[in-house]
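The values are calculated or read from the model by the stated rules, or taken from the named source; none is laboratory data. From a predicted model like this one, the values you see are computed outputs, not experimental measurements. Please note: Cβ atoms are built from the backbone with ideal geometry, for glycine as well, and neighbour counts cover all protein chains shown.
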């Protein structure tokens, strides 16, 4: 799939999507550092939210990038990230579950483009 223009476009959009929690988490951590001096509890909550969001985004990014060289591992890592961000951002289930499913489809098709499950890309 990734050899076609549509496949490259889908992979690019998937990359943008997985960078969203990383950027939102970074903004939450930065916000806690700038505005957190007056409200100690709010600052720690923002830092925890930011770090967990960045971790889940990094896990999803890793899974997406692994999807070509090791499709089975890439799918598993991405699934862990998707479940993690969906559970952590529970108020956004309506968005995180369909977007996560779309990311898993892109990762699966990217692995199939590498010849998985029968070709050299099998893990």
Report task. Residues being within 18 Å of residue 51 (Cβ to Cβ) and surrounded by fewer than 13 Cβ atoms within 10 Å (Cβ to Cβ): count how many of those fall in region 72-91. Result -> 2
Query raised in the report: Restricting to region 55-71, what's the tally of residues that are farther than 14 Å from residue 13 by Cα, in a helix (DSSP H, G or I) and in contact (Cβ under 8 Å) with a residue 40 or more places away in the chain?
Result: 2
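When you go through 61, 65, 51 one by one, which is the residue that is under 9 Å from the mean Cα position of the chain (by Cα) and within 30 Å of residue 31 (Cβ to Cβ)? Explain how you work it out, then say what you get.
Details: 65 fails: under 9 Å from the mean Cα position of the chain (by Cα); 51 fails: under 9 Å from the mean Cα position of the chain (by Cα).
Unique residue meeting the criteria: 61.
Listed here are the residues, each with its yes/no results for (1) under 20 Å from residue 111 (Cα atoms); (2) modelled with pLDDT of 90 or more.
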residue: 44; (1), (2): no, no
residue: 48; (1), (2): no, no
residue: 55; (1), (2): no, yes
residue: 58; (1), (2): yes, yes
residue: 72; (1), (2): yes, no
residue: 79; (1), (2): yes, yes
